[in-house]
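Chemist: First, the structure itself, so that you have it in front of you.
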Amino acid sequence: MSETRKITKLTPKQKAQIPAHIDKWIKIGLRTGETDWETFDKYMPICYKKAELEYPKNIVRVSSPLVGALAASIADRISNGKTVRRVIDGEVRDTIDRAVGGAVDGTVRRAVDREVGDTIGRTVDREVRDAVDGIIRAAVDGEVEDTIGRTVDRATRDAVD
């Protein structure tokens, strides 16, 4: 068994290899071809164990980094109770506050804020919801259809074999 030793300084030869490693790992990171799920399933739990982290119970497989980014962002917002409506409401109300400023007294200001804020909030909410729903539906529908298709195909092949 080889002895592990700590590296505290790179040799000139090691330093010279850095650009090649940078290029290699950038290409790997940007690759969007077919995912090797078998290798992922085999080695990812090992990576988590070595990092002393609990491996997730659910792994969401998606077709592209874009779909992954959307899914991660949406899941984060849902799991942390951040809805699109709350984020938009905050932005709309801040914008109204700045626009109305000190031009009106408190009573009038609150009435205007409430009326304008509710109207704009509903409009923005509807527009954003429609746009986001379309993107999410397309991404999720595609993933679900692909997953079901692959599962049925695999089950059919297994049954025939």
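Chemist: How far apart, in nanometres, would the label points at TRP37 and ARG157 be if each is projected 7 angstrom from Cα along the Cα-to-Cβ direction?
Modeler: Spacing of the two 7 Å Cα→Cβ label points: 1.2 nm.
Chemist: Sort the following peptides by mean Cβ neighbour count (other Cβ atoms within 10 Å, averaged over residues), highest first: 15-28, 59-72. Spell out each step's value before the answer.
Modeler: Working: 15-28: 9.8, 59-72: 13.9.
Packing order, densest peptide first, comes out as 59-72, 15-28.
Chemist: When a/c is below 1.5 the answer is rounded, else prolate if a/b is larger than b/c, else oblate, so apply that to segment 1-72 with a ≥ b ≥ c taken from the square roots of the Cα gyration tensor eigenvalues.
Modeler: Values: a/c = 2.70, a/b = 1.47, b/c = 1.84.
Oblate, because a/c is 1.5 or more while a/b does not exceed b/c.
Chemist: With label points built 7 Å along Cα→Cβ from the Cα atoms of LEU30 and ALA16, find their separation and express it in nm.
Modeler: 2.6 nm
Chemist: If each residue of separation counts as 0.36 nm, what is the full-extension length gain between ILE59 and GLU3 once their alpha-carbon separation is subtracted?
Modeler: On the way: separation 56, 0.36 × 56 = 20.16 nm, distance 3.57 nm.
Answer, rounded to one decimal: 16.6 nm.
Chemist: May I pose another question? Near HIS21, within a Cβ-to-Cβ distance under 14 Å, what is the net charge of the other residues, with Lys and Arg +1 and Asp and Glu -1? The partial results should precede the final answer.
Modeler: Working: positive: LYS13, LYS15, LYS24, LYS27; negative: ASP23.
Computed value for this residue: +3.
A short reminder: the numbers here are calculations on the coordinates, not readings from a lab. Here the structure is a predicted model, which is why all the values come from computation and not from measurement. Heads up, the Cβs are rebuilt from the backbone with ideal geometry, glycines too, and the neighbour counts pull from every protein chain shown.
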